1. Could you order the peptides A:68-77, A:198-207 from most to least packed, using the average number of other C-beta atoms within 10 Å per residue?
2. How many angstrom separate the Cα center of the stretch A:97-114 from the Cα center of the stretch B:205-226?
3. I'm checking a number: the convex hull volume of the Cα atoms of the stretch A:147-306, normalised per residue, in Å³. What is it?
4. Am I reading the A/B interface right? What is its buried accessible area, both sides, 1.4 Å probe, to the nearest 100 Å²?
5. Out of every Cα-Cα pair in chain A, what percent are more than 31 Å apart?
6. Bin by bin, in steps of 10 Å, what percent of the Cα pairs in the stretch A:28-148 do you find, going until the bin that has the longest distance?
7. Share of antiparallel DSSP beta bridges in chain A, in percent to the nearest 5?
8. With Rg and the Kirkwood Rh both taken from Cα atoms, where does Rg over Rh land for the stretch B:126-257?
Amino acid sequence: MNLKPNLRVEIAGIKMKNPVMTASGTFGSGLEYSNFIDLSKLGAIVTKGVTLKKQTGNPGPRVYETPCGMLNSIGLQNKGVKNFIAEDLEFLKKFNVPVIVNVAGNTIEEYVAVVEQLSEKDVVKGIELNVSCPNVKSGGLSFGLNVKSAIKLTSAVRKTTKLPLIVKLSPNVGNIDEIAKGVEDAGADAVSLINTILGMAIDPQSFKPQLANIVGGLSGPAIKPVAVGMVWKISKAINIPIIGMGGIMNCYDALEFFLAGAKAVAVGTANFIDPEATIKLIEELEEFLTIKDISDISDIVGQVKV
Amino acid sequence: MAHVKAKILNKEQVAPSIFKLSLLCPEIASSAIPGQFVHVECGKGKSFILRRPFSVYRQASKETFEILFQVVGKGTESLAEAEVNSYLDIIGPLGNGFKLSNNCKKVLLVSGGIGIAPLTFLAEKLYSTEIIFDMLIGFANYKKVIDFSLQEKIADRIHYSTDDGSLGLKGTTVELLLDYLKQSKKPDTIFACGPEPMLKQVALIAKQNKVPCFISLEERMACGIGACLSCVCNTINGYKRVCADGPVFDASEIIWD
């Protein structure tokens, strides 16, 4: 007789009902998706990147579809941390779901100021440091491209908060394993990977780039093999948990990430295609484990046979 | 708004590269208002992944609605190949539609190309009111012109333009509008939908003539529900989301490039 498999996981001290999270920037603060799904069923909600001051973002067009993926150059448009606390966190309080806030900034001081304000709020269960947004320098990319600066930022934020600290790494580097190890040593509790991959598309009729920002971040199924590869590589380099993301559309995609070494997964672009993608994924995972007679999702983490 | 599977009841090619789909979907048909749109999955299992937005063209009954679309790329190509009696994955109705103020006595609907879609829905709603309305319809050429007998039946007057003069005035919708304003009584509101360069000109002409003007914008979209912030347009109040704050905007609010 098959018992219901255990989907509960704990990432960096954050207790989650299941290992399915939302990827920052693809879910707003959940408001729009609450028309379609019960947010309380999610493992965790990772909110869109928030900065100290309001940011207007990049001009349009901001999105372009590519084979099995999409390029975006939103540019971290957000209303600033004060409004985020007053509006988005107020909304999220109503749901029984851990809230992890993605934080971006221009300087270490800005990151610290945002994290300080968020740390006072009970509803916030974790911080995800955005050091990898490819669309704006203020997405912290300058911190995420270099081991030393990633360590410096992580250490500064570590001193600021007791909240679990996740660092979202950029795939647009040659030494992601060194950066991962660096932030682990600097006090990160987990890493999430990968952020979008820098890309470009050009209109052959007009000779102009398809995005007003010229370049943007590629996401969706097109980047999944890159993401799975990076999760596998980094899982051998560090001891803190990995949250895997990049093109997860269904249970089989997610399973690749678990097998490669991710302890949880985040759904991004799939939300745009199916607003119920996260809930369907949770159900599919439970069904898969039941059929396979696997009692705990954690039992398959890192179990790829190489 | 609903996320549903809608059955394709009928598919009709109404002009070269222009198709009309009739969809069985009570959830959307019963609640949509003119100017709202639906977000349609066009390529399940294919190499393109994002949904495509389409204005509601007609509310055929409480259970069925229609969309009118032009094949412009892989997504619409795939949609044109969809079979009758198959199901489409749809989210809708989405966005904010056209609003009629109490002052509206005589309005003008200005459409360019496939921009006719949301304005036909509006026209059908206006038909049951006291409001007088004229329609200006511009298309590239006669071959691209769909059968406008429906619109001709309900609108008080219709004027056409084609780029090559094969139907109506030879010229653009903008020239048609200028011609109309010279010859007819000024409308108290203009509602417009069409390509951006046309809308920009219509907005300018409306401003010069001191006529309130509301336009339906189109922009590349990802989620369609206001979360991803992809489909923004620049306004005097900062970037606004075409999907959730629009697609219908007061033209005086838009900052054109």
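1. A:68-77, A:198-207
2. Each part reduced to its Cα centre gives a spacing of 35 Å.
3. Given the Cα convex hull of the stretch A:147-306, per-residue volume reads 154 Å³.
4. Roughly 2400 Å².
5. Percentage above 31 Å: 23.
6. 13, 41, 35, 11, 0
7. Looking only at bridges with both residues in chain A, the antiparallel portion is about 35 percent.
8. 0.99
The values are calculated or read from the model by the stated rules, or taken from the named source; none is laboratory data. The structure presented is a predicted model; accordingly, all values stated were derived computationally and were not measured. Cβ: placed from backbone, ideal geometry, glycine included. Neighbour counts: every protein chain shown. For the accessible areas, the whole protein counts, side chains as well, though only heavy atoms, and no ligand, DNA or RNA atoms are used. Shrake-Rupley method; radii C 1.70, N 1.55, O 1.52, S 1.80 Å.
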